[in-house]
Amino acid sequence: MTVEHLKSGKPANEVAEDDARVRAMVETTLADIQSRGDAAVRELSAKFDKYEPAAFRLTQSEIDAAMQKVSAQDMSDIRFAQDQIRNFAEAQRASMTDIEVETMPGVVLGHRNIPVQSVGCYVPGGKFPMVASAHMSVLTASVAGVPRIVASAPPVDGAPHPAIVAAMHLGGAHEIYVLGGIQAVGAMAIGTETIDPVHMIVGPGNAFVAEAKRQLFGRVGIDLFAGPTETMVIADETVDAEMCATDLVGQAEHGYNSPACLITNSRKLAEETMAEVDRLLGIIPTAETAAASWRDYGDVILCDTYEEMLAVADEMAYEHVQVMTDRDDWFLENMTCYGALFLGPRTNVANGDKVIGTNHTLPTKKAGRYTGGLWVGKFLKTHSYQRVLTDEAAAMVGEYGSRLCMLEGFVGHAEQCNIRVRRYGGRNVPYGAAAAPRDAAE
């Protein structure tokens, strides 16, 4: 394989050092929330968000007041986006069916898809108020039928962000809190004197939020590890440098550590895209953030063949992958590790982020190797059950079960099977022995 890195980001060891610092801070903060509850949450909110309300949970009147501040056009746009996301989530939900099947005479097996009973949805605020994240988590949980949906977002300029509150409320949140960062995730997962803990935490966030979710996993469920935004453009000479650079810079503005990568088989396109990125960074209002991401986390990778481009992309397993080539469907058919694909120049990552209907909470840091993004199915637990309808089936399955339990040395397990063989099959199986095959017994 001939792969040339025309531009690379920070060395891996420096990234690892950054991760270690985040990990230590999150561990200390979560321990503080565990031991001091509301007091710790209040102190953290005052320290990081300069926000100390009488209560962090919004009342219905406060929700109504916030929504009154949202313009008619913004409210219409929010409703349009939620319609698209709801439509796709409902179609996904309809694809997940309960089943029941008689696998042999008298033996019935099945499963039910049951909603998680309480979910905490984190909506980032910080540098940018992520209104769309409320649709992606709250609304999708609502379509799944989650009976208690808790939503939390940091204050913006010292107050609840009206559009975020509107999106949470319209999406179906039952409780809305104005809390950000580790304190929000920790409070929802661990619980405090005033916040009942939830069973699952979902939603994107910065490196601290992602690490908090990682450390809390097991205590609660999580959707996935959704850290700083990653974007990849896979392109050939069917598109130009302006298109590629715009898609890279457009996502690099998320934060100071948002990786952006171009993979191409055209040296001309690679060099022109790097020049175009520099030009855009000179005019975009969010250049300070985007430039830092591009400097420290930007990559331009030149390959000889489409097969090499595919292999490199699958190895990197980026969150957003914009494909603009003469064989987009080939990439769709063959790529296996990514968050979401955006196929062709007519679409783009911002569509997926805000409005088109797919979910924008997606796996980062190579988690796309083992999970997809947030979707209605993440809020559903598939639970199996079994039923034996006849004496004959109970005895027959019991015989096999008895012998297989004794094969592993589980005498008590075998007796659970043997008692069914005795009662429903009329067979005298000695205590602690394996049931003989029916033919041998007869």
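The values are calculated or read from the model by the stated rules, or taken from the named source; none is laboratory data. All of these numbers come straight from a predicted model, not from anything done at the bench. Quick reminder, even Gly has a Cβ in these numbers, built from the backbone with ideal geometry, and neighbours come from all protein chains shown. Just so you know, the surface numbers come from the protein's heavy atoms only, side chains and all, with ligands and any DNA or RNA stripped out. Shrake-Rupley method; radii C 1.70, N 1.55, O 1.52, S 1.80 Å.
A single member of VAL349, VAL376, VAL355, VAL388 is in contact (Cβ under 8 Å) with a residue 24 or more places away in the chain, more than 30 Å from ASP223 (Cβ to Cβ) and either touching a His at 6+ places or on another chain (Cβ under 8 Å) or of a type in the set (A, V, I, L, M) (or both), and it is VAL388. The residue of the range 322-358 that is farthest from ASP236 (Cα to Cα), among those that are out of contact with any Lys or Arg (no Cβ under 9 Å at 6 or more places or on another chain) and among the polar types (S, T, N, Q), is THR358. Scanning the range 242-254 for residues that are open to solvent by less than 10 Å² (accessible area, probe 1.4 Å) and out of contact with any strand residue (DSSP E or B) (no Cβ under 8 Å at 6 or more places or on another chain) yields a single hit, ALA245. Restricting attention to the range 389-398, the residues being assigned to a loop (DSSP other than H, G, I, E, B) and within 41 Å of the chain's Cα centre (by Cα) number 1.
Among the listed residues VAL143, VAL119, which satisfies the condition of being in contact with an Asp or Glu (Cβ under 8 Å, 6 or more places away or on another chain), under 27 Å from VAL185 (Cα atoms), among the β-branched types (Val, Ile, Thr) and modelled with pLDDT of 95 or more?
When all the criteria are applied, what remains is VAL143.
Sub-6 Å Cβ pairs linking a first residue in the range 96-123 that is under 30 Å from MET136 (Cα atoms) to a second residue that is open to solvent by 70 Å² or more (accessible area, probe 1.4 Å) and of a type in the set (Lys, Arg), at least 6 apart or interchain, are ASP98/ARG112; ILE114/LYS381, ordered by first then second residue. Per the conditions (1) modelled with pLDDT under 95; (2) open to solvent by 10 Å² or more (accessible area, probe 1.4 Å), the sole criterion not satisfied by VAL209 is (2).
Within the range 249-260, identify whether any single residue is touching a His at 6+ places or on another chain (Cβ under 7 Å) and charged (D, E, K, R), and answer yes or no. Among the residues of the range 249-260, not one is touching a His at 6+ places or on another chain (Cβ under 7 Å) and charged (D, E, K, R), which makes the answer no.
HIS111 fulfils the conditions (1) within 30 Å of ALA275 (Cβ to Cβ); (2) at pLDDT 95 or above; (3) of a type outside the set (A, V, I, L, M, F, W, C) except for a single criterion, (1). Candidates in the range 357-388 are the residues that are of a type in the set (Ser, Thr, Tyr) and part of a loop (DSSP other than H, G, I, E, B); of these, the one that is most open to solvent (accessible area, probe 1.4 Å) is TYR370. Among the residues of the range 212-223, is there at least one that is more than 25 Å from MET67 (Cα to Cα) and among the aromatic types (Phe, Trp, Tyr)? Scanning the range 212-223 turns up at least one residue that is more than 25 Å from MET67 (Cα to Cα) and among the aromatic types (Phe, Trp, Tyr).
Pull up the range 296-314, narrow it to residues that are open to solvent by 30 Å² or more (accessible area, probe 1.4 Å) and within 19 Å of GLY9 (Cβ to Cβ), then point me to the one that is farthest from the chain's Cα centre (by Cα). First the steps, then the outcome.
At the first step, the residues of the range 296-314 found to be open to solvent by 30 Å² or more (accessible area, probe 1.4 Å) are 296-297, 304-307, 311.
When the remaining residues are screened for being within 19 Å of GLY9 (Cβ to Cβ), the result is 296-297.
Working: ASP296: 25, TYR297: 22 Å.
Per the criteria, the residue is ASP296.
Residues in the range 324-343 that are more than 14 Å from ILE263 (Cβ to Cβ), over 19 Å from the mean Cα position of the chain (by Cα) and of a type in the set (A, V, I, L, M) were compared, and the one that is surrounded by the fewest Cβ atoms within 10 Å (Cβ to Cβ) is LEU332.
Only one residue in MET75, MET67 is buried (at least 16 other Cβ atoms within 10 Å of the Cβ) and more than 27 Å from GLY373 (Cα to Cα), so which one is that?
Numbers: MET75 fails: more than 27 Å from GLY373 (Cα to Cα).
The unique qualifying residue is MET67.
Residues in the range 1-24 that are open to solvent by less than 70 Å² (accessible area, probe 1.4 Å), in contact with a helix residue (DSSP H, G or I) (Cβ under 7 Å, 6 or more places away or on another chain) and modelled with pLDDT of 80 or more: VAL3, LEU6, LYS7, GLY9, VAL22. Yes or no: the range 399-407 includes at least one residue that is loosely packed, with under 15 Cβ neighbours inside 10 Å, hydrophobic (A, V, I, L, M, F, W, C) and assigned to a loop (DSSP other than H, G, I, E, B). Within the range 399-407 (the criterion being loosely packed, with under 15 Cβ neighbours inside 10 Å, hydrophobic (A, V, I, L, M, F, W, C) and assigned to a loop (DSSP other than H, G, I, E, B)), the answer is no, since none of the residues qualifies.
The sole residue among PRO155, PRO228, PRO204 that is in contact with a helix residue (DSSP H, G or I) (Cβ under 8 Å, 6 or more places away or on another chain), closer than 17 Å to LEU362 by Cα and surrounded by fewer than 24 Cβ atoms within 10 Å (Cβ to Cβ) is PRO228. Evaluation of VAL321 against the conditions (1) of a type in the set (A, V, I, L, M); (2) surrounded by fewer than 18 Cβ atoms within 10 Å (Cβ to Cβ); (3) within 22 Å of MET130 (Cβ to Cβ) shows that the sole unmet condition is (2).
Using the structure shown, decide if HIS111 is surrounded by 14 or more Cβ atoms within 10 Å (Cβ to Cβ) and under 16 Å from THR361 (Cα atoms). Can you show your working first?
Numbers: surrounded by 14 or more Cβ atoms within 10 Å (Cβ to Cβ): yes; under 16 Å from THR361 (Cα atoms): no.
For HIS111, the condition - surrounded by 14 or more Cβ atoms within 10 Å (Cβ to Cβ) and under 16 Å from THR361 (Cα atoms) - is not met.
Of the candidates ALA394, ALA350, ALA340, the single residue that is more than 25 Å from ILE164 (Cα to Cα) and of a type in the set (Gly, Ala, Ser) is ALA394. Figure legend. Inter-residue proximity from the range 273-291: first residues free of Cβ contacts under 8 Å to residues at least 60 places away in the same chain, second residues open to solvent by less than 40 Å² (accessible area, probe 1.4 Å) and part of a loop (DSSP other than H, G, I, E, B), beta-carbon distance below 9 Å, spacing 6+ or different chains. Indicated pairs: ALA290/SER258.
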